[in-house]
Amino acid sequence: MRLLPTVTTAQSAVPVLTPITDAQLSKKKQLTRYPTLTGAPLTKAQSDALANELNALYRSVMDSLGSEDARYIKRVYATVVYSEMTARSLLAAAGCMQSKRKLVATWLLGTSLLSFSKILNNMELGHNVMHGQYDWMQHPYLNSQKFDWDIVCPAPLWQHSHNYLHHTFTNIVGRDHDVGYHLIRVTDEQPWTPSDRHNMFKTAILALGFEWAVAFHDIQISVDEYADSPDRHQTMQQKSRALFAKIARQVGKDHILLPTLAGLTLGQRSAMTTLSGNVTANIARNLWTWAVIFCGHFTEQAHIYTHLDDNESKGDWYVRQILGSSNIQGNKLFHILTGNLSHQIEHHIFPDMPASHYARISPQIQAICRKYNIAYNTGRFSTQFRQMLGRIRHFSQPNAEEWQAHTQSLSTVKNTTAYGVAPDKQNAGGLGKWLPPVVRHALSYAW
């Protein structure tokens with residue numbers, strides 16, 4: 001049962017202010033590190049003309065969709081299914097190997113194949129199908145309303161936080177909750193706090209458990225989004241119950257059911273090789289997904305926006321998607337394993353276009369960007385990854401003004417406490433105090 005309607009094509013407001021002058025435009029060519037935009041880089045006429053060209057390109061691709069595209073996504077689905085079956089058989093069989101060398105070799109092969117299957121399921125299959133890229137096929141399960149992927153996040157929750165909020169309000173601080181995931185500071189527009197000193201450590205934890213961050217992301221967003229809604233409790237209860245049900249299914253399958261079956265059938269060692277392979281494959285998938293997503297959004301020249309204007313144009317929306325995204329260069333297999341999110345710019349422009357077409361239209365997108373003097377950010381994976389980590393490290397430290405504001409706030413709190421007025425704190429009791437606030441919220445609404 002779906003919780004929310006799927007939104008496949010973002011149509012939201014973008015920052016459209018007074019167009020910059022020629023002098024400002026010339027100055028803009030000198031790239032600023034970690035740029036923040038408060039104005040539109042194109043005039044209204046230019047953005048409208050750009051929109052017309054991109055709309056024509058979109059229509060030409062969508063009108064060409066047919067049996068070849070259907071065969072492609074069916075082959076991807078078959079690859080996911082058969083590689084998973086083979087991988088799980090290898091992991092179970094590894095426990096039956098007499099020599100340690102054969103056990104390790106079989107386990108490594110099974111774990112690598114399962115990691116491949118989970119990555120393909122998550123990126124090229126799940127992400128793209130749930131974006132509605134193949135709804136035109138009217139397939140019974142390869143569509144955005146029925147398909148659900150192999151991670152702990154339910155599809156409807158992800159579609160609300162990602163398809164709708166992220167793709168609508170891309171890189172707008174305070175509206176796009178993927179800017180830092182409520183955990184990591186990646187722009188000056190996010191106030192510095194002492195916890196930001198641990199940006200790199202928090203990033204490592206986020207990467208290792210990325211599917212869990214994605215799972216609870218919509219709960220964290222919805223607590224504020226539905227704060228004034230009379231249906232808040234019902235909506236949050238529905239979301240929280242769906243989340244914990246999906247967690248139970250995923251954890252039960254990978255960590256309990258399959259290892260138990262392997263153990264009962266082939267012995268205790270097969271249970272352990274199955275369990276360890278499942279855990280390792282999930283972590284590998286998390287690390288890969290995190291790296292691709294962060295390299296597509298938080299490189300050095302990924303633009304952040306401060307606010308939006310309700311009177312936006314589609315052309316301005318296109319420009320924001322281009323400037324706020326970063327591509328990653330690679331071969332065909334690399335692009336498939338990223339779900340073609342290595343073409344993040346093309347994906348953000350056309351989120352419901354089958355991703356297998358992004359590489360083909362990329363040269364045309366680049367030509368349009370050159371024509372309108374819009375930066376097209378692309379680079380090798382090593383370059384984008386280094387820039388992304390550099391950005392996170394940079395914003396872990398405060399500048400002089402931010403440090404002064406922090407010390408003043410500490411002084412204010414100290415004085416307030418000295419006069420007997422302690423700041424309000426909400427402390428959870430029992431085991432709850434060890435849980436992140438978002439998990440406590442989900443639990444409170446679920447039961």
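The values are calculated or read from the model by the stated rules, or taken from the named source; none is laboratory data. Computed from a predicted structure; not experimentally measured. Please note: Cβ atoms are built from the backbone with ideal geometry, for glycine as well, and neighbour counts cover all protein chains shown. All accessible areas refer to the heavy atoms of the entire protein, side chains included, with ligands and DNA or RNA removed. Shrake-Rupley method; radii C 1.70, N 1.55, O 1.52, S 1.80 Å.
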Taking Ile119, is it in contact with a helix residue (DSSP H, G or I) (Cβ under 6 Å, 6 or more places away or on another chain), of a type outside the set (S, T, N, Q) and closer than 29 Å to Met236 by Cα? no
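How about segment 341-371: which of its residues are under 22 Å from the mean Cα position of the chain (by Cα), closer than 20 Å to Ser67 by Cα and open to solvent by less than 30 Å² (accessible area, probe 1.4 Å)?
Our first condition is that a residue be under 22 Å from the mean Cα position of the chain (by Cα); within segment 341-371, this holds for 341-359, 362.
Of the ones still in play, those that are also closer than 20 Å to Ser67 by Cα are 352-359.
Within segment 341-371, Asp352, Met353, Pro354, Ala355, His357, Tyr358 qualify.
Please go through segment 128-143 and give me each residue that is surrounded by fewer than 22 Cβ atoms within 10 Å (Cβ to Cβ) and either of a type outside the set (Gly, Ala, Ser) or at pLDDT below 95 (or both), ordered by number. If you could, list the steps in order and put the result at the bottom.
Narrowing segment 128-143 to residues surrounded by fewer than 22 Cβ atoms within 10 Å (Cβ to Cβ): 132, 135-143.
Hits for segment 128-143 are Asp135, Trp136, Met137, Gln138, His139, Pro140, Tyr141, Leu142, Asn143.
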Just checking, does segment 133-151 include any residue being part of a loop (DSSP other than H, G, I, E, B) and either in contact with a strand residue (DSSP E or B) (Cβ under 6 Å, 6 or more places away or on another chain) or basic (Lys, Arg) (or both)? yes
Considering only segment 58-111, state which residues are outside any helix (DSSP H, G or I) and of a type in the set (A, V, I, L, M). Leu65, Met97
Taking the criterion of being farther than 30 Å from Ser115 by Cβ and touching a Phe, Trp or Tyr at 6+ places or on another chain (Cβ under 6 Å), would at least one residue in segment 354-368 satisfy it? yes
Is one or more of the residues making up segment 166-187 charged (D, E, K, R) and more than 30 Å from Asn311 (Cβ to Cβ)? yes
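Would you say Arg360 is of a type outside the set (Val, Ile, Thr) and either under 30 Å from Thr79 (Cβ atoms) or in contact with a helix residue (DSSP H, G or I) (Cβ under 7 Å, 6 or more places away or on another chain) (or both)? Working first, answer last.
Details: of a type outside the set (Val, Ile, Thr): yes; either under 30 Å from Thr79 (Cβ atoms) or in contact with a helix residue (DSSP H, G or I) (Cβ under 7 Å, 6 or more places away or on another chain) (or both): yes.
Criteria met by Arg360.
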Sort out which residues of segment 184-203 are surrounded by 16 or more Cβ atoms within 10 Å (Cβ to Cβ) and among the hydrophobic types (A, V, I, L, M, F, W, C), and write them in order of number. Ile184, Val186, Trp192
Of all residues in segment 286-307, which are in contact with a Leu (Cβ under 7 Å, 6 or more places away or on another chain), within 21 Å of Leu113 (Cβ to Cβ) and of a type in the set (S, T, N, Q)? Asn286
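Does any residue of segment 376-393 turn out to be touching a Gly at 6+ places or on another chain (Cβ under 7 Å), within 28 Å of Gln133 (Cβ to Cβ), modelled with pLDDT of 95 or more and among the hydrophobic types (A, V, I, L, M, F, W, C)?
Filtering segment 376-393 down to residues touching a Gly at 6+ places or on another chain (Cβ under 7 Å) leaves 381.
Imposing the further condition that a residue be within 28 Å of Gln133 (Cβ to Cβ) reduces the set to 381.
Retained after the next criterion (residues that are modelled with pLDDT of 95 or more): 381.
So of that shortlist, the ones also among the hydrophobic types (A, V, I, L, M, F, W, C) come out as 381.
Checking segment 376-393: at least one residue is touching a Gly at 6+ places or on another chain (Cβ under 7 Å), within 28 Å of Gln133 (Cβ to Cβ), modelled with pLDDT of 95 or more and among the hydrophobic types (A, V, I, L, M, F, W, C).
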Note on Gly390: of the conditions (1) out of contact with any helix residue (DSSP H, G or I) (no Cβ under 9 Å at 6 or more places or on another chain); (2) open to solvent by less than 60 Å² (accessible area, probe 1.4 Å); (3) free of Cβ contacts under 8 Å to residues at least 24 places away in the same chain, unmet is (3)
Asp254 versus (1) open to solvent by less than 40 Å² (accessible area, probe 1.4 Å); (2) within 23 Å of Leu165 (Cα to Cα): which is the lone unmet condition? (2)
Residues of segment 237-247 being under 22 Å from the mean Cα position of the chain (by Cα) and not basic (Lys, Arg), in sequence order, are Ser240, Ala242, Leu243, Phe244, Ala245, Ile247
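Collect the residues in segment 204-236 that are over 30 Å from Phe385 (Cβ atoms) and either crowded, with 16+ Cβ neighbours inside 10 Å or under 14 Å from the mean Cα position of the chain (by Cα) (or both), keeping them in residue-number order. Spell out how you get there, then give the answer.
So in segment 204-236, the residues over 30 Å from Phe385 (Cβ atoms) come out as 222-236.
Hits for segment 204-236 are Ser222, Val223, Glu225, Tyr226, Thr235, Met236.
So for segment 265-285 (the condition being of a type in the set (S, T, N, Q), within 29 Å of His177 (Cα to Cα), buried (at least 16 other Cβ atoms within 10 Å of the Cβ) and out of contact with any Leu (no Cβ under 7 Å at 6 or more places or on another chain)), does at least one residue qualify? I'd like the intermediate steps shown before the answer.
Initially, segment 265-285 is screened for residues of a type in the set (S, T, N, Q), giving 265, 268, 270, 273-274, 276, 278, 280, 282.
Among the residues that remain, those that are also within 29 Å of His177 (Cα to Cα) are: 280, 282.
From what's left, buried (at least 16 other Cβ atoms within 10 Å of the Cβ): 280, 282.
Remaining after also requiring out of contact with any Leu (no Cβ under 7 Å at 6 or more places or on another chain): 280, 282.
Within segment 265-285, one or more residues are of a type in the set (S, T, N, Q), within 29 Å of His177 (Cα to Cα), buried (at least 16 other Cβ atoms within 10 Å of the Cβ) and out of contact with any Leu (no Cβ under 7 Å at 6 or more places or on another chain).
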Considering residues that are open to solvent by 10 Å² or more (accessible area, probe 1.4 Å), within 19 Å of Phe298 (Cα to Cα) and assigned to a loop (DSSP other than H, G, I, E, B), the number found within segment 329-339 is 1
Part of a helix (DSSP H, G or I), over 27 Å from Gln133 (Cβ atoms) and charged (D, E, K, R) - does that describe any residue in segment 267-286? yes
Is there any pair linking a residue in segment 77-105 that is at pLDDT below 95 to one that is open to solvent by 50 Å² or more (accessible area, probe 1.4 Å) and assigned to a helix (DSSP H, G or I), with Cβ under 8 Å and at least six apart or on different chains, and which? Gly95/Leu266; Gly95/Gln268; Gly95/Arg269; Gly95/Met272; Cys96/Leu266; Cys96/Arg269
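Do we have Arg241 as touching a helix residue (DSSP H, G or I) at 6+ places or on another chain (Cβ under 9 Å), among the basic types (Lys, Arg) and either surrounded by fewer than 15 Cβ atoms within 10 Å (Cβ to Cβ) or over 23 Å from Ala155 (Cα atoms) (or both) here?
Numbers: touching a helix residue (DSSP H, G or I) at 6+ places or on another chain (Cβ under 9 Å): yes; among the basic types (Lys, Arg): yes; either surrounded by fewer than 15 Cβ atoms within 10 Å (Cβ to Cβ) or over 23 Å from Ala155 (Cα atoms) (or both): no.
Answer is no for this residue.
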Matching option when the condition is under 25 Å from Asn340 (Cβ atoms), open to solvent by 10 Å² or more (accessible area, probe 1.4 Å) and among the polar types (S, T, N, Q), among Ser99, Ser89, Ser112, Ser117: Ser112
